[in-house]
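As structure tokens, the structure follows; a few thoughts come after it.
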Amino acid sequence: MALYLLGSRRGRFFDERTGEELEVPKPMRGHSVSLQVLGAFILWFGWFGFNSGSALMLQDNAFLSGIAARCAVNTFLSSSAGCVSAMLLRMVLQYPEKGQFTFDLTAAMNGTLTALVAVSAVALLVSLIGFNA
């Protein structure tokens, strides 16, 4: 509902000067890396409660704290690995184009969120040496 009330960004679908509709929408990149990082960190923090809380709903026994802790650790390890992997991959892929190694923060945050989505289904089953079925 909030997105409907806010509408699209100015200049994306309508000409800012004349107000006429554009035939082809103007492509627009994200405008604030700071807001992207803030949003990614909020999601990252909330994902710990999501994965650990989901694991707590599976059983009702004495091992609940261990299950939740394992899910939290796996969530942290996978998201951190996704962050570093995406950042290093982007750094290597951009080297021929730029001629130097640069870190891309947006790639790191996208890698983090991708890893969080990937680990959600198996946060309880993954261990450092493989799967525990």
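The values are calculated or read from the model by the stated rules, or taken from the named source; none is laboratory data. Quantities reported herein were computed from a predicted structural model and do not represent experimental measurements. Neighbour counts are summed over all protein chains in view; Cβ atoms, including those assigned to glycine, are modelled from backbone coordinates with ideal geometry.
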**OP:** Quickly run through the range 101-130 and pick out the residues that are over 22 Å from PHE45 (Cβ atoms) and small (Gly, Ala, Ser).
**Re:** SER127, GLY130
Original post:
Name the pairs whose Cβ atoms lie under 7 Å apart, with the first residue in the range 72-100 and over 19 Å from PHE41 (Cα atoms) and basic (Lys, Arg), the second part of a helix (DSSP H, G or I) and at pLDDT 90 or above, and 6 or more positions between them or separate chains?
Top reply: ARG90/ALA107
Subject >> Residue pairs meeting the criteria (Cβ under 8 Å; at least 6 apart or on separate chains; first closer than 17 Å to ALA121 by Cβ and at pLDDT 85 or above, in the range 34-59; second surrounded by 13 or more Cβ atoms within 10 Å (Cβ to Cβ) and of a type in the set (Phe, Trp, Tyr)) >> reply: PHE48/PHE76
Subject >> Every residue from the range 1-57 that is among the acidic types (Asp, Glu) and surrounded by 10 or more Cβ atoms within 10 Å (Cβ to Cβ) >> reply: ASP15
